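Following: one structure in structure tokens, then a few remarks.
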Amino acid sequence: MKHRIRTRSLQVGFVLLAGIVLFRIWHIQTADKFLKVRAQSEWNSLNTVQPIRGSIYDANGGILAFDAPSYDMDIDLQAINKQSQAKIATLAQGLAKIVSVKESTILAQLQQPNVVWLRMYPYLVHVPLATKQAVIKLFSKLGMQNDVHPYKTYHRIYPDGTFASEVIGFTDQHGHGAAGVELAYNKYLAGVAGSSNFTQDTFGNPIPFKPITVKPVQNGDNVYLTINSVIQRYSEQALAIIQKRFTPAHAAIIVANPNTGAILAMATIPNYNPNYFWHYPNTTLDTNWAISDPFEPGSTFKTVTLTGALATHSINLNQTYMSGVDVINGVPIHDWNVYGWGKLTYRQAMIYSSNVGFIHIGQAEGVQNFYKYLNLFGMTHKTGIDLPGEGSPLIFPKTNLNPVDFATMTFGQGLAVTPIQQVAAVGAIANGGNLLTPYVVQKVLSPSGKVVYAHQVHVVNHVASASVMRQVTNVMVQVVNNDPQGNVGVIPGYSIAGKTGTAEIPKPTGGYYKNLYNLSFVGFVPANHPALEIYVTVSEAHHTAQWGDWVATPAAHYVLQKSLAYLGIPPSSTTSSAVAQHHHQYVITPNVVGMSVQTATHILTRAGFQVRDIGTSGNVLHQWPAQGTKAAAGSNAWVFAPSTTKTGEVQIPNVTGMLMTEAMHVCSLLGIEMIPKGAGYALSQNISPGKYIPVGSSLTVTFGPTP
């Protein structure tokens with residue numbers, strides 16, 4: 001019995017011992033692994049190298065957005081809060097003066113509870129070198145030099161402020177694209193961060209003879225837009241006049257090349273300055289009125305109805321009807337002048353913009369064909385433009401359509417489409433039948449100049465034959481030439497195809513507002529060989545009669561007339577010798593980058609330019625206008641070859657005497673933010689020419705009439 005108990009005890013003891021040994025082995029293995037990982041985390045150092053975001057350029061090579069060196073200022077708030085209230089107040093007063101905000105705003109930031117490190121957004125984030133130095137000087141003066149820590153980063157700069165902001169977009173506080181091209185092409189612009197991984201000593205230095213793993217940084221690619229800055233400027237000037245005269249709720253102008261779908265200008269009001277995007281409401285930042293919100297187009301839509309009816313041989317333009325009023329299911333629908341014009345042809349229905357005439361045209365075409373051409377013209381789906389936030393059209397389902405709804409749709413009420421859809425649709429008429437995808441980016445180049453992306457013209461649909469489109473074009477030319485509201489769209493020497501629109505604005509609860517309208521004009525020129533298409537829309541204009549001819553057409557006339565002269569497109573008539581002579585005054589800019597200043601000056605002078613330079617020795621680093629740009633003979637050409645180069649700094653040019661557009665291009669190329677005051681020619685600047693300032697600094701230029 002005792003033997004059996006002893007044996008059992010030994011067995012239990014062996015089992016316990018084995019268990020203890022196994023537990024110890026497991027503990028050592030897991031504990032060692034944990035300690036090893038912890039030790040490695042303390043020995044290893046991983047440093048991330050942020051890429052420089054790619055730049056954005058216009059069609060002529062002018063820079064619209066770029067990264068400049070800047071600094072984030074981190075404040076040790078725990079250390080600050082140990083200071084006296086008087087010293088904290090002095091600090092707040094000094095910082096408020098440096099960043100130009102109220103002292104109370106800064107003081108509230110410095111008095112936040114439970115914050116160790118304060119990064120004061122947006123006041124001390126992405127600040128230029130001058131601001132960094134002023135902040136450090138202030139802290140040192142107060143004996144708090146160890147309580148602020150600057151970190152080098154990059155700051156996104158939009159040198160032309162609000163210029164084309166709805167296309168360019170902006171980057172958020174983290175440097176990510178948040179709107180426009182900045183968002184749509186973020187994967188190209190952002191680049192790829194690099195890193196270095198090494199074993200460090202207790203001081204954070206690499207241990208000798210240990211390997212250092214380096215992943216090279218890939219800076220962002222550069223994006224080139226289709227936007228022509230001169231035409232964009234004309235469009236924004238026209239909108240400024242509309243804003244001043246009519247104070248609309250919003251408005252937009254789009255200029256396109258109907259043969260390719262390239263957007264040459266896209267301007268809206270309201271707009272914003274992407275350098276200070278946080279000052280604007282989300283409704284402004286998130287809305288590009290040229291593409292985002294569909295609305296009832298009114299009579300500009302009649303081009304779609306007419307095309308479908310002609311393409312299906314449902315009508316001919318010489319057929320007649322009685323204008324004035326039509327009754328659909330007991331509902332009377334009148335022409336805009338109530339009583340009509342008596343008996344008209346369908347051609348005249350377009351010229352007089354007769355709603356009754358288009359009800360007849362639509363009924364002859366039929367619902368099936370009408371919807372077929374809605375789809376072919378791209379009115380039932382988004383265009384696919386390469387910008388974020390494009391709105392979707394609102395079209396009655398064909399199965400639920402009643403006769404009254406169909407009647408109003410034929411003349412552009414009771415359906416909603418976006419401005420960019422109308423540009424694409426009328427572009428198909430202009431180019432002979434092809435619906436094209438509109439686009440704002442022509443190419444993307446790597447930092448080394450390799451083509452990463454190049455846009456190819458994309459044909460969505462072939463809408464109708466060239467002969468049908470010629471018929472519609474000819475009627476649109478007669479609309480402009482014989483407009484009963486006046487010939488405000490006519491440009492002497494040029495054949496312009498166009499159509500106006502005056503559309504009621506629906507109430508959210510049903511029905512329409514009595515005195516609110518969307519006023520518009522769409523057209524292209526020269527009519528038989530189109531080079532430019534334009535769409536102008538103005539919503540809720542005040543202080544005027546509610547006609548597209550009175551509000552939208554003058555803006556289109558201004559932009560087209562200026563753009564035709566700038567592009568050197570000759571008139572079809574030889575009687576306008578002044579315009580023809582003006583055409584021969586344009587020259588093409590040669591490439592002089594890499595040449596000596598003397599050689600570049602000689603070549604540009606022979607090409608017909610007046611040469612101005614920054615620096616008189618060395619080789620040309622940059623030029624403006626860019627190679628291949630069409631410019632007026634005798635205009636200025638700039639070459640940049642600073643005799644001395646300072647890292648992170650640029651030399652101030654002399655912009656006196658320049659037009660605002662030229663001065664903005666020169667400052668943009670150098671990485672200087674120009675702050676304009678007034679309009680006209682540059683009369684003075686607040687920093688003397690030749691002085692060096694940090695990249696990204698501002699230059700205030702005063703403009704006025706020619707001296």
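Would you check if there is a residue in the range 282-296 being under 30 Å from Gly432 (Cα atoms) and either of a type in the set (D, E, K, R) or surrounded by fewer than 14 Cβ atoms within 10 Å (Cβ to Cβ) (or both)?
yes
Has the range 530-537 got any residue that is aromatic (Phe, Trp, Tyr) and either assigned to a strand (DSSP E or B) or surrounded by 23 or more Cβ atoms within 10 Å (Cβ to Cβ) (or both)?
The answer is yes; a qualifying residue exists.
Assuming Tyr352 fulfils every condition listed in (1) aromatic (Phe, Trp, Tyr); (2) at pLDDT 95 or above; (3) closer than 30 Å to Asn434 by Cα apart from one, which condition is it?
(2)
Check Val338 against each of (1) in contact (Cβ under 8 Å) with a residue 24 or more places away in the chain; (2) more than 30 Å from Asn288 (Cβ to Cβ); (3) surrounded by fewer than 18 Cβ atoms within 10 Å (Cβ to Cβ); (4) not aromatic (Phe, Trp, Tyr) and name the one condition it does not meet.
So Val338 meets the others, but not (1).
Among the residues of the range 78-90, are any under 38 Å from the mean Cα position of the chain (by Cα) and either under 19 Å from Phe139 (Cα atoms) or touching a residue at least 24 places away in the same chain (Cβ under 8 Å) (or both)?
no
Can you confirm whether Trp278 is among the aromatic types (Phe, Trp, Tyr) and assigned to a loop (DSSP other than H, G, I, E, B)?
Against the criterion (among the aromatic types (Phe, Trp, Tyr) and assigned to a loop (DSSP other than H, G, I, E, B)), Trp278 does not qualify.
Quick one: which strands (runs of 3 or more DSSP E) lie wholly within the range 165-238 and hold at least 2 residues that are surrounded by fewer than 24 Cβ atoms within 10 Å (Cβ to Cβ) and either over 16 Å from the mean Cα position of the chain (by Cα) or modelled with pLDDT under 90 (or both)?
Per the criteria, 194-199, 213-215.
Among the residues of the range 239-271, which ones are part of a helix (DSSP H, G or I) and either out of contact with any Phe, Trp or Tyr (no Cβ under 9 Å at 6 or more places or on another chain) or without any contact (Cβ under 8 Å) to a residue 60 or more places away in the chain (or both)?
Leu239, Ala240, Ile242, Gln243, Lys244, Arg245, Phe246
Of Asn318, Asn273, which residue is within 30 Å of Lys343 (Cβ to Cβ), assigned by TED's automatic domain parsing to the domain that holds Arg470 and surrounded by fewer than 22 Cβ atoms within 10 Å (Cβ to Cβ)?
Asn318
Looking at Ile315, Ile351, Ile359, Ile333, can you tell me which residue is in contact (Cβ under 8 Å) with a residue 40 or more places away in the chain, within 23 Å of Glu504 (Cα to Cα), among the hydrophobic types (A, V, I, L, M, F, W, C) and out of contact with any strand residue (DSSP E or B) (no Cβ under 8 Å at 6 or more places or on another chain)?
Ile351
Mind checking which strands (runs of 3 or more DSSP E) fall wholly inside the range 648-707 and carry at least 1 residues that are over 28 Å from the mean Cα position of the chain (by Cα), modelled with pLDDT of 75 or more and closer than 22 Å to Arg156 by Cα?
In the range 648-707, 649-651, 692-694 are the strands (runs of 3 or more DSSP E) which contain 1 or more residues that are over 28 Å from the mean Cα position of the chain (by Cα), modelled with pLDDT of 75 or more and closer than 22 Å to Arg156 by Cα.
Within the range 394-405, restricting attention to residues that are in contact with a strand residue (DSSP E or B) (Cβ under 9 Å, 6 or more places away or on another chain) and in a helix (DSSP H, G or I), which residue is surrounded by the fewest Cβ atoms within 10 Å (Cβ to Cβ)?
Of everything passing the filter in the range 394-405, Pro403 is surrounded by the fewest Cβ atoms within 10 Å (Cβ to Cβ).
Quick check on this structure: which one of Val101, Val115 is modelled with pLDDT of 90 or more and surrounded by 12 or more Cβ atoms within 10 Å (Cβ to Cβ)?
Just one listed residue meets the conditions, Val101.
For the range 323-349, how many residues meet the condition of being closer than 19 Å to Val480 by Cβ and at pLDDT 90 or above?
6
Quick check on my filter: what residues within the range 406-434 are surrounded by 24 or more Cβ atoms within 10 Å (Cβ to Cβ) and part of a strand (DSSP E or B)?
Val417
The values are calculated or read from the model by the stated rules, or taken from the named source; none is laboratory data. In this text the structure is predicted, and so the values were computed from the model without any measurement. FYI the Cβ positions are ideal-geometry reconstructions off the backbone, even for glycines, and counts take in every protein chain you see.
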